Every structure is written in structure tokens, then in C-alpha cells.
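Trainee: So that we are looking at the same thing, I have put the structure below in C-alpha cells.
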Amino acid sequence: MQSCQEIGPWALRVLEHASSCATKSLLRANPPIKLFKLVLLTAMIGVFCLKPYQAVQAQQITTIDREYTIKAAFLYHFLSYIDWPEGTFTDDQQPFVIGVFETDPFGSVLDKIAATKNVGGRPIEIRRLDYSEALTSCHLLFISGKVNPATQKKVLAQLADSHVLCVGEIEDFVEQGGAAQFFVEGNKVRFAFNTTAVDRSNLKVSSKLLSLAKIVTTR
């Protein structure tokens, strides 16, 4: 199999174009199963050969971090496959709130999703949060791998009995009590779910979503 360097710039541009098209397609109005197939396609194409090529051509091109474009798309689709407890929303127009704790690696990607998409008719709101704000105001909270590990543990402990879906990306995030974790395997963005943490938060995750995930259970 050819290496990333052997594939060369022209082939990489083809891969980048395919990834861009897939990303745009998954943000259109499509049936949920088709959307997840498109997300997985993007995950397979978007990360493939990108980082090694960047290392060689870092001074020649500026590339979009497709890893976080893919992760943002997953966060959006998680909302459609998870049920929050009755009484979580006060009315039909109360938005789904995606919180990003301290460090935001997404740029404007989440904001663009929120500006153009909804979940079951509900708008989406993006909030950048720290400890000075109420973390329980979110339905989903993303914690970047750049956040101090000790701080991450404190956040998970604080939200352990809440209805907030905590999503992270450090290696042992779900083992520490997080509900979901992104990881890269075989150059593909994948995710794991801690079903113990999900049950503790009284959230119900669709079996279709769980079938795509690595399942972890903790005490």
C-alpha cells in the first residue's frame, strides 16, 4: 500500500474534496440512518493520511482540522439518538444546549451547525463554559483533551448525578465516569459509551447509536 508521501498532493486534494462533500452532505436533511452512514464515511476519509501529509507540507498549505469537524457532527447526531428524562424541557421551543468546557477546539463548526440545524424541531444553542457558570445548564457537555485531567475528574464528579451527557476525548474518559468518549482507531474517529454512566444520568441511548459504539461498563 502506498504511503501518504507516495500518494502525493494531487491524491490528497481528491481525498480532501471527498471529505468536504461528505461533511456537507451529512448536514443536509436526511433520514437518521443515512446521516450516520455519511458521518462514518466522513470519519473514514477525513482523518486518513491527513496528519502525515501535514507534517511534510506544514509550511506550504493550511488545512482544516477535520477531526473536530467530524466530532462536531457526531455531537449533533448524538442529540437525535438520546432521550432525556421527562420534564427536562419546559416547552417545545426550549433549545438543546451543547456546552464546551474551557478549551474549544471546534472553531466555528458547532456555531454553523446550530445556525442551520435543529433536533426534533428544537433549536440548538452552543455555550462556552467554565467553573463560574452552571454546567448543568447543558444537555451535552464536551470536554477537550487539552483540559487539565484533574479538572476533568472534578467536572465528572460534579455532574455524576445530573442529566448532562458528558463527552470527552482523553484515553480513559469513560473509565473515569464520562458517558461518551471519542478516540481514533485505524485513522478513523470512533466513539465509546459508558452505559453505567448513561443509566446513572437517567438518559436513554438508542440501540442504533450503541451498535456503532464501543461499550464500556463501570461500577
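Trainee: Ignoring ligands, DNA and RNA, what percent of the accessible area of region 100-219 is carbon or sulfur (1.4 Å)?
Mentor: 47
Trainee: Label K204 and R122 with points 7 Å out from Cα along Cα→Cβ: what is the distance between them in nm?
Mentor: According to this spin-label approximation, the distance is 1.4 nm.
Trainee: For the ranges 175-184, 149-158, what's the packing order if you count other beta-carbon atoms within 10 Å of each residue, average per peptide, and put the highest first?
Mentor: 175-184, 149-158
Trainee: Also, I was wondering about something else. Provide the gained length on full extension for the span Q158 to E86, in nm with one decimal, where the gain is 0.36 nm per separating residue minus the Cα-Cα distance.
Mentor: Once the chain is fully extended between Q158 and E86, it gains 23.7 nm.
Trainee: Of K188/K214; K71/K146; K112/K214; K146/K188; K112/K208; K112/K146, which pairs sit farther than 18 Å apart, going by alpha carbon to alpha carbon? Present the calculation step by step, with values, prior to reporting the outcome.
Mentor: Details: K188/K214 13 Å; K71/K146 15 Å; K112/K214 29 Å; K146/K188 20 Å; K112/K208 26 Å; K112/K146 23 Å.
Those over the limit are K112/K214; K146/K188; K112/K208; K112/K146.
Trainee: How many Å² of accessible area per residue for region 58-127, probe 1.4 Å?
Mentor: Accessible area per residue, region 58-127: 49 Å².
Trainee: Any idea what the alpha-carbon Rg over 2.2 N^0.38 Å comes to for region 86-219?
Mentor: 1.02
Trainee: If you project the alpha carbons of region 85-129 onto the principal axes, what extent comes out on each, in Å, largest first?
Mentor: 31, 22, 11
Trainee: Sorted by accessible area with a 1.4 angstrom probe, largest first, how do Y76, Y131 fall?
Mentor: Descending accessible area places them as Y131, Y76.
The values are calculated or read from the model by the stated rules, or taken from the named source; none is laboratory data. What you see is a predicted model, and the numbers here were worked out from it, not measured in a lab. As a convention, Cβ positions derive from the backbone with ideal geometry for all residues, glycine included, and neighbour counts pool all protein chains shown. Surface accessibility is based on the protein's heavy atoms, side chains included, excluding ligands, DNA and RNA. Shrake-Rupley method; radii C 1.70, N 1.55, O 1.52, S 1.80 Å.
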